[in-house]
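Enquirer: This structure is in structure tokens; I'll ask about it shortly.
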Amino acid sequence: MNETRQPGLLPEGEAVETLVEVREFSLRLVEALIFARADPLSTRAIAEVLGAQGGIPHDTADRDAYVAATLAALAAQYAGRGVVLVEVAGGWQFRTAPDLAPRLTRVMPRPRRLARSTMETLAIIAYHQPCTRAEIEEIRGVSLSQQVLDTLLEAELIMPLGRKEVPGRPILWGTSSGFLRHFGLKDLGDLPRREELLVDVPDTAVSPDAPPDAPDEVPDPSAS
């Protein structure tokens, strides 16, 4: 008797580019878990649910390898589709395929945007964290308004990481998990190296009649 196979799922016991055999029930359970969560779901949390719900065979010698194989198999099934499974911000999440995202701009509401000064502050925090407000001001060379920090806090891109043990005990700032989710980073190690972001810009003459440049802006994840 032929086994009925649901679209996008593997038949029982079939392996996907791995030596570990993955059960169809395990794939379906992990798929449902990740789909039901708005935030990325950690591998540890997935493993706990799989173990509690019979998603890991009793005779499995290496449970961690089985969970990893299940996630790899599920990601392979979604590769090339409109929705893909990615590891981001220390967990797993379904996301729109990167090549299709620009095509959705006409049907999705346009998010609020962050000004250049806010993005500069965010970049400094990302690459120098944990850092204080005074240290951010020293790097930028200008004073930092509270409004900039409030905007980044409201967008859930930064968070306080404690206080520096110096006179006044200023707050130490760092990026949040929301920062990783917004920029699609698995962890801070995925940030481009600072030297990769430096480019030589030739000197160009600016006409005195030319209008000043508008601040650079990027999407604000709080509105997405």
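Enquirer: For segment 101-150, how many residues meet the condition of being under 30 Å from residue 80 (Cβ atoms) and hydrophobic (A, V, I, L, M, F, W, C)?
Expert: 4
Enquirer: Of the numbered conditions (1) free of Cβ contacts under 8 Å to residues at least 12 places away in the same chain; (2) closer than 20 Å to residue 29 by Cβ, residue 91 satisfies every one except a single condition; which is it?
Expert: Status for residue 91: all satisfied but (1).
Enquirer: What's the number of the only condition in (1) over 17 Å from residue 128 (Cβ atoms); (2) at pLDDT 90 or above; (3) in contact with a Pro (Cβ under 8 Å, 6 or more places away or on another chain) that residue 169 fails to meet?
Expert: Condition (3) is where residue 169 drops out.
Enquirer: It is to be established whether one or more residues within segment 144-156 are charged (D, E, K, R), touching a Gly at 6+ places or on another chain (Cβ under 8 Å) and outside the structural domain of residue 38 (by TED's automatic domain parsing). Give the derivation first.
Expert: Residues of segment 144-156 charged (D, E, K, R): 150, 154, 156.
Still in the running and touching a Gly at 6+ places or on another chain (Cβ under 8 Å): 156.
Next, only the ones that are outside the structural domain of residue 38 (by TED's automatic domain parsing) stay: 156.
Looking through segment 144-156, at least one residue is charged (D, E, K, R), touching a Gly at 6+ places or on another chain (Cβ under 8 Å) and outside the structural domain of residue 38 (by TED's automatic domain parsing).
Enquirer: Output the residues belonging to segment 142-177 that are charged (D, E, K, R) and surrounded by 13 or more Cβ atoms within 10 Å (Cβ to Cβ).
Expert: Taking segment 142-177 as the starting set, the residues that turn out to be charged (D, E, K, R) are 150, 154, 156, 163-165, 169.
Across segment 142-177, the qualifying residues are 156, 163, 164.
Enquirer: Which residues, taken from segment 19-59, are touching a Pro at 6+ places or on another chain (Cβ under 9 Å) and in a helix (DSSP H, G or I)?
Expert: Within segment 19-59, the subset touching a Pro at 6+ places or on another chain (Cβ under 9 Å) is 21, 23-24, 26, 34.
Scanning segment 19-59 gives 24, 26, 34.
Enquirer: Kindly check whether there is at least one residue in segment 69-83 that is hydroxyl-bearing (Ser, Thr, Tyr), in a helix (DSSP H, G or I), in contact (Cβ under 8 Å) with a residue 40 or more places away in the chain and surrounded by fewer than 17 Cβ atoms within 10 Å (Cβ to Cβ).
Expert: For segment 69-83, residues hydroxyl-bearing (Ser, Thr, Tyr), in a helix (DSSP H, G or I), in contact (Cβ under 8 Å) with a residue 40 or more places away in the chain and surrounded by fewer than 17 Cβ atoms within 10 Å (Cβ to Cβ): absent.
Enquirer: Additional query: Taking into account only those residues within segment 154-185 that are on the phi > 0 side of the Ramachandran plot and free of Cβ contacts under 8 Å to residues at least 24 places away in the same chain, which is nearest to the chain's Cα centre (by Cα)?
Expert: So in segment 154-185, the residues on the phi > 0 side of the Ramachandran plot come out as 156, 162, 168-169, 184.
After this cut, where a residue has to be free of Cβ contacts under 8 Å to residues at least 24 places away in the same chain as well, the list is 168-169.
Working: 168: 34, 169: 31 Å.
Checked segment 154-185; the qualifying residue nearest to the chain's Cα centre (by Cα) is 169.
Enquirer: Say we look at segment 26-61 and pick out the residues that are among the acidic types (Asp, Glu) and at pLDDT below 90; which of these is surrounded by the fewest Cβ atoms within 10 Å (Cβ to Cβ)? Spell out how you get there, then give the answer.
Expert: Applying the first criterion (among the acidic types (Asp, Glu)) to segment 26-61 yields 31, 39, 48, 59.
Retained after the next criterion (residues that are at pLDDT below 90): 39, 59.
Numbers: 39: 12, 59: 5.
Among those residues, the one meeting the criterion is 59.
The values are calculated or read from the model by the stated rules, or taken from the named source; none is laboratory data. Keep in mind the model is a prediction, meaning the values are calculated, not measured. When we count neighbours, we look across all protein chains shown, and the Cβ atoms used for this are built from the backbone with ideal geometry, even at glycine.
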